[in-house]
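Asker: Have a look at this one before I ask anything.
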Amino acid sequence: MIKCDCIAIHQDIVNKVKASMPDEEKLYDLAEVFKVFGDTTRIKILYALFASEMCVCDIAVLLNMNQSAISHQLRVLKQSKLVKYRKEGKTVFYSLDDEHVKHIFDQGFIHVSENK
């Protein structure tokens, strides 16, 4: 474990950063959103929805998975407000909730694609 051996606390820096920190609830919500991005299946679903609105059946065929597994993942994405749905007769179509989802994804993709 790294130990800080400094004697003086830089109170001005601490105060400045503390004043700019979001409240605990916002940070918790942000962490929850990033947890949702931590699953490869959900990432694949989001990637598919970037291209087109899709129903569960289409996503299941695309990802070679059963509809039940896709429905479960879509429920998680819906609860996190990353996807939305609309009904057309008995068919439910899913799409990205808004453009922010694509921006978050794109930034993450740029980060992992950087040459290090």
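Asker: Is it true that LEU63 is at pLDDT 95 or above and in contact with a Lys or Arg (Cβ under 6 Å, 6 or more places away or on another chain)?
Answerer: Details: at pLDDT 95 or above: yes; in contact with a Lys or Arg (Cβ under 6 Å, 6 or more places away or on another chain): yes.
So LEU63 fits the description; yes.
Asker: Six or more apart or on different chains, Cβ under 8 Å: which pairs go from a residue in region 47-68 that's farther than 22 Å from HIS100 by Cα to one that's among the hydroxyl-bearing types (Ser, Thr, Tyr) and part of a helix (DSSP H, G or I)? Could you list them?
Answerer: Filtered contacts from region 47-68: VAL56/SER71; LEU63/THR41; MET65/THR41.
Asker: Of everything in region 4-46 that's among the hydroxyl-bearing types (Ser, Thr, Tyr) and without any contact (Cβ under 8 Å) to a residue 24 or more places away in the chain, which residue is nearest to LEU62 (Cα to Cα)?
Answerer: So the residue we want is THR40.
Asker: Follow-up. Please verify whether region 7-30 includes one or more residues that are touching a Phe, Trp or Tyr at 6+ places or on another chain (Cβ under 9 Å) and either modelled with pLDDT of 95 or more or open to solvent by less than 70 Å² (accessible area, probe 1.4 Å) (or both).
Answerer: Scanning region 7-30, I find no residue that is touching a Phe, Trp or Tyr at 6+ places or on another chain (Cβ under 9 Å) and either modelled with pLDDT of 95 or more or open to solvent by less than 70 Å² (accessible area, probe 1.4 Å) (or both), so the answer is no.
The values are calculated or read from the model by the stated rules, or taken from the named source; none is laboratory data. Computed from a predicted structure; not experimentally measured. Every residue, glycine as well, gets a Cβ built from its backbone with ideal geometry; the counts of neighbours run over all protein chains shown. Note: areas computed on protein heavy atoms with side chains; ligands, DNA, RNA excluded. Shrake-Rupley method; radii C 1.70, N 1.55, O 1.52, S 1.80 Å.
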